[in-house]
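Below is one structure, written out as structure tokens, with a few remarks after it.
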Amino acid sequence: MAMNDTLATALSNILNAEKVGKATCVVKPVSKIIKVVLEIMKDNHYIGEYTITNDGKGGFIEINLIGGVNKCGAIKPRFAVTLKEYDKFEKRFLPSKNFGIIILSTSKGIMTQDQAKEKNLGGKLLAFVY
């Protein structure tokens, strides 16, 4: 099975496991982007701890779910955003103001839209979580 968007697959696995009330969820394969996105989700208390296992064929991540995700997903196409466009995309992807995060890739690394605003950075949208 060809995997084009591993991030989208990982996020939909998390969402599906969360919906059926599972305690853990396994995501594979592992990529740098997935690791950083999971770290941001953990820092914002959407998921619990996770362990990364290298099995020699792409590896996998086991994630402890804490029931914090209502919805998450990859944003396609990966829109480029300038500083003044954040509000527009927050309205589009998040249910209400100051609720949920948009994760984006900037020249200074992957971060949430709030961190990017503080640093006055634009970037490309990767995912949303709430």
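No lab work stands behind these numbers, since they all come straight from the coordinates. Treat the numbers as computed from the prediction; the structure is a model and nothing was measured. In this analysis, Cβ positions are derived from the backbone assuming ideal geometry, glycine residues included, and neighbour counts consider all displayed protein chains.
Estimated from the Cβ-Cβ distance and a Förster radius of 22 angstrom, the FRET efficiency linking Ser107 and Asn44 is about 0.50. Each Cα pair under 8 Å and six or more residues apart adds its separation to the average, and for the chain the resulting relative contact order is 24 percent.
Our Cα-only numbers for segment 79-130 put the radius of gyration and Dmax at 9.6, 27 Å. Considering only Lys71, Lys19, Lys88, the Gaussian network model of the chain with Cα springs below 10 Å gives its largest mean-square fluctuation to Lys88. Across segment 72-129, the mean sequence separation of Cα contacts (distance under 8 Å, 6 or more residues apart), normalised by length, yields a relative contact order of 49 percent.
Taking springs between alpha-carbon atoms closer than 10 angstrom, which of Gly67, Gly100, Gly58 fluctuates most in the Gaussian network model of the chain? For the chain, modelled as a Gaussian network with Cα springs under 10 Å, the answer is Gly58.
Per the Debye formula on identical point scatterers at the alpha carbon atoms of segment 6-65, with no solvent, log10 I(q)/I(0) at q = 0.19, 0.28 Å⁻¹ is -0.61, -1.31. When Rg and Dmax are taken over the Cα atoms of the chain, they come to 14.4, 44 Å.
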